[in-house]
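See structure below.
The values are calculated or read from the model by the stated rules, or taken from the named source; none is laboratory data. The model shown is predicted, which means the values in this text are computed figures rather than measured ones. As a convention, Cβ positions derive from the backbone with ideal geometry for all residues, glycine included, and neighbour counts pool all protein chains shown. Just so you know, the surface numbers come from the protein's heavy atoms only, side chains and all, with ligands and any DNA or RNA stripped out. Shrake-Rupley method; radii C 1.70, N 1.55, O 1.52, S 1.80 Å.
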Amino acid sequence: MARQDSYSRYTIRVPSDLYERVKLAAGDKSINAQVIEILEEKYPAPAASEHEQYAQVVKWSDRVLLSTSEEEAKRLANEANEWLKGPGQSDYRIILSKPPDFGRWLPCIVHKDIIRADGMFSACIGIGGSGK
């Protein structure tokens, strides 16, 4: 029979005094939640590969590219970068560029290491995720 959830069940025996310390540390949380939190800190999920990171930023870049206004482009770029810094754990960022005589903002994918302290950067990987 297939499992209905993504958890594996595993029973362990722990010394009574350790159990009490974990129970106390859990506070309002369940002991199970406390143990999972500790294990997640000790054994974090592996970071996305370089290819997976770039695929994520390309999706965001395409959304920015399809925006209909400057305000929407800036909002989407900010949302993208917040997500890429946090849950996305990506090394890439989206910078907006407005080429002379073009009339609209375009997303530029840059590696976080080339962004200077003043927010400027020295090179783009590409304008738009899909080369549009």
**Complete:** Of the conditions (1) modelled with pLDDT of 90 or more; (2) closer than 28 Å to HIS111 by Cα, the single one that ALA25 does not satisfy is (2)
**Prompt:** In the range 1-38, what residues are surrounded by fewer than 12 Cβ atoms within 10 Å (Cβ to Cβ) and either touching a Lys or Arg at 6+ places or on another chain (Cβ under 7 Å) or hydroxyl-bearing (Ser, Thr, Tyr) (or both)?
**Reply:** SER6, TYR7, SER8, TYR10, THR11, SER16, SER30
**Message:** Of the conditions (1) more than 21 Å from MET120 (Cβ to Cβ); (2) surrounded by 13 or more Cβ atoms within 10 Å (Cβ to Cβ), ARG93 satisfies every one except a single condition; which number is it?
**Reply:** (1)
**Asked** Within the range 70-86, can you find the residues that are surrounded by 19 or more Cβ atoms within 10 Å (Cβ to Cβ) and of a type in the set (Gly, Ala, Ser)?
**Response** ALA73, ALA77, ALA80
**Request:** For the range 39-69, name all the residues that are open to solvent by 80 Å² or more (accessible area, probe 1.4 Å) and under 30 Å from ARG13 (Cβ atoms).
**Result:** LEU39, GLU40, GLU41, LYS42, TYR43, PRO44, PRO46
**Item:** Looking only at the range 109-132, and only at residues there that are open to solvent by 50 Å² or more (accessible area, probe 1.4 Å) and within 14 Å of TYR54 (Cα to Cα), the one that is modelled with the lowest pLDDT
**Value:** GLY131
